Amino acid sequence: MKGNEYIKFMTQEFTSFIDSTPEERKTRRSQRKSEPAVYSSKWLGMLPFALKSTLKKDSS
């Protein structure tokens, strides 16, 4: 994504967040919290991501 596109995307996301009602934000937040976290990320942090990216880089 180019710089201009990224800024446009972030502006759109920010304005949609600001335009939403506080009740909508609370329900969205509670839905995110109720979803289970990915096991590897929850217990091992960035280690699985770093390992995957290293292996992917080496195979390329």
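Taken together, the values in this text are just the output of simple stated rules run on the coordinates, not laboratory data. All values reported here derive from a predicted model rather than from experimental measurement. A quick note on method: Cβ atoms are made from the backbone with ideal geometry, for glycine too, and the neighbour counts reach across all protein chains shown.
Those residues that are of a type in the set (Asp, Glu) and surrounded by 10 or more Cβ atoms within 10 Å (Cβ to Cβ), I need them from the stretch 1-57; list them, please. Matches in the stretch 1-57: 13, 24. The criterion of at least 1 residues that are among the β-branched types (Val, Ile, Thr) and free of Cβ contacts under 8 Å to residues at least 40 places away in the same chain is met by the following helices (runs of 4 or more DSSP H) wholly inside the stretch 1-59: 3-19, 22-34, 47-59.
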